[in-house]
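> One structure follows; several queries about it will come next.
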Amino acid sequence: MRAVVFRDPQRPVEVADVELDAPGPGEVRVRIAAAGVCHSDLHVRQGDWRVAAPLVMGHEGSGTVVAIGPGVTSVTPGDRVILSWVPACGRCRTCLAGHPARCELCADVLVPNGVLYDGTTRLHIGGERLHHYLSVSSFAEEAVVPESGAIPVHADAPLDVLALIGCGVATGVGAVLRTAAVPEGASVAVIGCGGVGLSVVQGARLARAGRVIAVDLAQERCDLALTLGATDAVVAGAGDVVEAVLEVTEAGVDFAFDAIGKVQTTEQAVRMLGLGGAAVVVGLPPSGARASFDPLTLAEREQRILGSNYGGTHPHEDFPRLVELYLTGELRLDELVSGRRPLEDAEAALADLAAGRALRTLLVPSL
Ligand SMILES: NC(=O)c1ccc[n+]([C@@H]2O[C@H](COP(=O)([O-])OP(=O)(O)OC[C@H]3O[C@@H](n4cnc5c(N)ncnc54)[C@H](O)[C@@H]3O)[C@@H](O)[C@H]2O)c1
Ligand SMILES: [Zn+2]
Ligand SMILES: [Zn+2]
């Protein structure tokens with residue numbers, strides 16, 4: 001099958017002819033309908049993080065089950081699925097405590113080693129073994145994933161656009177509803193209006209937040225945020241972003257989401273908080289980054305800094321709900337898609353994301 005392979009940051013990603021093994025026990029083979037290009041894929045491409053390479057890229061995707069391994073009971077061939085990049089084991093300490101997005105096995109074994117649960121991979125080029133990216137590897141015609149990473153979608157919705165739920169949307173909406181549990185009427189600032197940040201904006205609208213202040217370098221992203229639920233927008237760049245947000249809320253915001261992950265934006269999120277406010281770190285920096293904050297202010301003003309991995313999502317509960325919200329028009333996905341391209345355009349799509357020319361590109365293997 002054709003798949004987009006990353007080897008090292010010095011060279012472009014390329015489509016290669018990759019062998020995909022049959023699904024083993026507890027695994028599912030999926031024909032990919034579409035894969036979204038997320039900034040995390042760009043972090044990989046740019047060498048920001050240590051990853052098990054070579055790997056098949058992509059962690060946001062949707063498709064149709066084409067085969068199941070022994071013991072699989074939750075899906076059958078023909079089922080439509082959204083892929084989850086935390087295929088929780090269901091048995092570790094954090095899974096049992098009710099936090100599937102913190103699954104210890106995913107965090108400590110699957111992600112760092114680029115393998116599935118038996119410690120091996122299903123991806124090869126001849127004798128060369130390729131790794132899975134976040135147990136998904138959706139920039140490909142097909143993928144073999146753990147059963148718990150294939151979330152069935154029974155609603156009659158266009159499958160390609162549902163790919164976005166698999167990362168950006170689950171992360172952004174989940175950061176609001178799960179990580180922060182934003183209450184009705186709270187004031188919210190969202191720094192960064194890409195696929196993740198615009199999903200935070202929509203999550204804030206779903207939570208019936210009060211003021212929702214969107215911040216982005218690009219005027220058109222701010223304009224889009226205003227159509228998706230933001231009440232105010234700040235174009236970053238010219239003046240001080242924190243001052244501009246404080247002009248809207250005066251007392252500071254109840255919640256500030258960093259949906260970019262630059263050290264500067266994380267620090268801005270903390271600085272724009274009001275009394276009892278919480279900064280939520282959703283955007284991811286390169287490994288080794290350090291941000292600073294004023295501990296005295298944090299304590300005196302009872303503020304909090306929260307990390308959010310995958311929006312603390314519970315995929316089996318949240319993905320079907322997000323699909324329903326899309327079908328009722330309360331969650332907008334089509335507006336987040338800036339284009340559909342073939343797998344061969346993966347490198348160009350990543351470059352367009354880096355340059356701010358693309359919002360979410362869907363890579364569609366059948367194009
Ligand atoms: N925590 C998680 O589980 C998780 C999941 C998915 C993505 N992420 C991370 O979230 C971040 C955002 O992902 P994305 O796909 O939405 O990215 P994106 O590239 O689509 O969007 C980033 C946005 O930030 C804006 N921006 C950049 N610098 C800015 C600045 N200094 N001030 C204001 N705006 C600025 C850009 O114009 C763009 O609109 C990435 O770091 C990604 O790795 C985290
Ligand atoms: Zn992502
Ligand atoms: Zn677990």
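The values are calculated or read from the model by the stated rules, or taken from the named source; none is laboratory data. This structure is a prediction, so every number in the text was calculated from the model and none was measured. Cβ sites come from the backbone with ideal geometry, for glycine too, and all protein chains shown count toward neighbours. Accessible surface is based on the protein model in full, side chains and every heavy atom, while ligands, DNA and RNA are left aside. Shrake-Rupley method; radii C 1.70, N 1.55, O 1.52, S 1.80 Å.
Table: residues versus (1) under 24 Å from Pro100 (Cα atoms); (2) at pLDDT below 95; (3) in contact with a Lys or Arg (Cβ under 7 Å, 6 or more places away or on another chain); (4) within 16 Å of ligand 3 (Cβ to nearest atom).
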{"residue": "Gly149", "(1), (2), (3), (4)": "yes, no, no, yes"}
{"residue": "His154", "(1), (2), (3), (4)": "yes, yes, no, no"}
{"residue": "Gly168", "(1), (2), (3), (4)": "yes, no, yes, no"}
{"residue": "Ala175", "(1), (2), (3), (4)": "yes, no, no, no"}
{"residue": "Ala180", "(1), (2), (3), (4)": "yes, no, no, no"}
{"residue": "Ser187", "(1), (2), (3), (4)": "no, no, yes, no"}
{"residue": "Leu226", "(1), (2), (3), (4)": "no, no, no, no"}
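> Considering the stretch 269-302 alone, what residues qualify as being more than 22 Å from Gly168 (Cα to Cα) and surrounded by 22 or more Cβ atoms within 10 Å (Cβ to Cβ)?
The answer is Val270, Met272, Leu273, Gly277.
> For the stretch 86-109, indicate whether the set of residues that are within 16 Å of ligand 1 (Cβ to nearest atom), crowded, with 23+ Cβ neighbours inside 10 Å and without any contact (Cβ under 8 Å) to a residue 24 or more places away in the chain is non-empty.
Just the residues of the stretch 86-109 that are within 16 Å of ligand 1 (Cβ to nearest atom), to begin with: 86-88, 94, 99-103, 106-107.
Okay, now just the ones that are also crowded, with 23+ Cβ neighbours inside 10 Å, so 86-88, 100-101, 103, 106.
Now drop any that are not without any contact (Cβ under 8 Å) to a residue 24 or more places away in the chain, which leaves 103.
Within the stretch 86-109 (the criterion being within 16 Å of ligand 1 (Cβ to nearest atom), crowded, with 23+ Cβ neighbours inside 10 Å and without any contact (Cβ under 8 Å) to a residue 24 or more places away in the chain), the answer is yes, since at least one residue qualifies.
> Right, another one. Under the condition of being away from ligand 3 (no atom under 12 Å from the Cβ) and surrounded by 15 or more Cβ atoms within 10 Å (Cβ to Cβ), which residue from the stretch 114-124 is nearest to Met1 (Cα to Cα)?
Kept after step one, since they are away from ligand 3 (no atom under 12 Å from the Cβ), are these residues of the stretch 114-124: 114-116, 118-124.
Then drop every residue that is not surrounded by 15 or more Cβ atoms within 10 Å (Cβ to Cβ), which leaves 114-116, 121-123.
Working: Gly114: 19, Val115: 19, Leu116: 19, Thr121: 15, Arg122: 12, Leu123: 10 Å.
So the residue we want is Leu123.
> Out of all the residues in the stretch 236-268, which are within 16 Å of ligand 2 (Cβ to nearest atom) and either part of a helix (DSSP H, G or I) or open to solvent by less than 50 Å² (accessible area, probe 1.4 Å) (or both)? Walk me through how you get there before you give the answer.
First, the residues of the stretch 236-268 that are within 16 Å of ligand 2 (Cβ to nearest atom): 257-261.
Within the stretch 236-268, Phe257, Asp258, Ala259, Gly261 meet the criteria.
> Let me ask something additional. Any idea which of Gly126, Gly114 is modelled with pLDDT under 95 and not β-branched (Val, Ile, Thr)? Can you show your working first?
Values: Gly114 fails: modelled with pLDDT under 95.
After ruling out the rest, the residue left standing is Gly126.
> Further question: With away from ligand 3 (no atom under 16 Å from the Cβ) and either closer than 27 Å to Ala348 by Cα or part of a loop (DSSP other than H, G, I, E, B) (or both) as the only criterion, which of Arg91, Arg11 stands out? Reasoning before the result, please.
Numbers: Arg91 fails: away from ligand 3 (no atom under 16 Å from the Cβ).
Answer to the selection: Arg11.
> Then there's this: Quick one: is Ser135 buried (at least 24 other Cβ atoms within 10 Å of the Cβ) and among the hydroxyl-bearing types (Ser, Thr, Tyr)?
It is true that Ser135 is buried (at least 24 other Cβ atoms within 10 Å of the Cβ) and among the hydroxyl-bearing types (Ser, Thr, Tyr).
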